[in-house]
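J.: Just dropping this structure here.
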Amino acid sequence: AGSVIAIEKDPRLAAFLQRRFRHAGNLTVIPGDALRMEPEKLIPGDCDLMVSNLPYRVASPIMVRFLEAPRPLPRMVVTIHKEAGEKFIAQPGNRNYGVLSVVTALAWRVRRVREISPNCFFPRPEVWSLLLEFESRPDAPPVELRSRVLQLASWIFTQRRKKLGTIVRRSSPPGLTWFRRRLTEELLRESGISGDARPEQVPADKWLRLIDMLSAES
């Protein structure tokens with residue numbers, strides 16, 4: 001590798017790695033918690049790949065930080081527990097399709113490389129894992145729009161069993177100050193979304209269209 005930046009939360013392991021590879025001119029070990037770090041401050045401009053065996057309990061929030069970084073990496077290869085991994089690659093209509101599926105599809109192409117048995121790890125976990133490869137899309141919408149999709153979808157998917165028409169009639173999203181138009185059934189139809197659809201049936205491009213219309217001056 002030309003240059004490697006490693007993030008390690010365990011201070012003892014970080015110190016060991018720094019000693020063990022102190023003569024390696026291409027390795028930088030950063031002690032710290034990836035959940036508390038800003039990806040754009042960690043990633044140099046010429047960095048083109050992230051590889052990680054993600055901690056199961058915090059895998060999804062770590063991935064969201066890197067997926068939504070203002071300057072995303074061209075490629076990421078991660079091992080993640082299977083239940084969480086399925087949410088990144090789920091398609092509309094699938095029971096695993098949700099907020100993570102939507103925001104991922106907007107900016108990334110994801111390939112399911114393989115499933116990994118618990119027997120491949122020590123200590124042995126209780127669950128299977130997935131090896132996923134993420135490749136950034138050159139046509140990804142701006143990060144601000146993706147952030148708005150994340151905010152709106154996060155609210156709507158808390159009511160995922162309801163029809164979208166019912167959701168917008170009975171409640172409104174809290175704290176979203178960037179709205180320029182009211183979220184109504186008519187606006188759903190203008191965005192190409194049926195009021196009879198449920199959140200898990202709406203593809204990512206329709207979510208983006210809805211955000212465009214909500215953000216536009218009426």
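The values are calculated or read from the model by the stated rules, or taken from the named source; none is laboratory data. In this text the structure is predicted, and so the values were computed from the model without any measurement. When we count neighbours, we look across all protein chains shown, and the Cβ atoms used for this are built from the backbone with ideal geometry, even at glycine.
J.: With (1) at pLDDT 95 or above; (2) surrounded by 18 or more Cβ atoms within 10 Å (Cβ to Cβ); (3) over 30 Å from LYS206 (Cβ atoms); (4) among the small types (Gly, Ala, Ser) as the list, and ALA14 as the residue in question, which single condition is left unmet?
T.: Condition not satisfied by ALA14: (2).
J.: So SER117 ticks every box in (1) over 22 Å from ALA69 (Cα atoms); (2) surrounded by 15 or more Cβ atoms within 10 Å (Cβ to Cβ); (3) touching a Phe, Trp or Tyr at 6+ places or on another chain (Cβ under 7 Å) but one. Which box is left unticked?
T.: So SER117 meets the others, but not (2).
J.: Against the conditions (1) assigned by TED's automatic domain parsing to the domain that holds LEU67; (2) more than 22 Å from the chain's Cα centre (by Cα); (3) of a type in the set (A, V, I, L, M, F, W, C), where does LEU17 fall short? Just the number, please.
T.: (1)
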